[in-house]
Amino acid sequence: MSESTGRTRATAVITVHKYEPSVYDESAEGPVLTRIHVEESFSGDITGDGVVEFLQAARADGSASFVGIERVTSELGGRRGTFLLQDAGTVQDNIVSGDWFVIPGSGTGQLAGLHGEGGFRANLGEGAQVHLDYWFE
């Protein structure tokens, strides 16, 4: 099946249960570099749990850029297993938003062969609205 056909859109809400930031580099000038450990749950078309490590560059004005890799243990489309998401996003005016994709070859169990891409958006400190357009090889 090609990427352009057979995609299904899953939507979900993420609830954060643990948020542990740790500054690893701070200078007198420029952004502060922070590692952030997050544990969260998904509800909706994606149900399950995620654990993610973010690396973030935060500027003095409160805006930030971040990247992360997340392992999701879930049920998606009636299939159970795990997969990895690679995230990239920003924080601007207290809005967290970004894009993610399923890391190829990362699906396990009934989610082996999973491919997908999507994104997320949330008011800072609130549950994120997320989507994933996915397909299987």
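Counting Lys and Arg as +1 and Asp and Glu as -1 over every other residue whose Cβ lies under 14 Å from the Cβ of residue 24, the net charge comes to -3. Comparing 44, 89, 119 in a Gaussian network model of the chain (Cα springs below 10 Å), the most mobile by mean-square fluctuation is 44. A Cβ-based charge dipole, computed about the Cα centre of the chain with Lys and Arg at +1 and Asp and Glu at -1, lands at about 400 debye.
Averaging the sequence gap over all C-alpha pairs within less than 8 Å and six or more residues apart, then dividing by the number of residues, gives the chain a relative contact order of 21 percent.
Could you give the dipole magnitude of region 20-101 about its Cα centre, charging the beta-carbon of Lys and Arg +1 and that of Asp and Glu -1, in debye to the nearest 20?
280 debye
Here, each number is a calculation from the coordinates, and none is a lab measurement. If you're wondering where the values come from, they're calculated on a predicted model, not measured in any experiment. With ideal geometry, Cβ positions are generated from the backbone for all residues, glycine too; neighbour counts draw on all protein chains shown.
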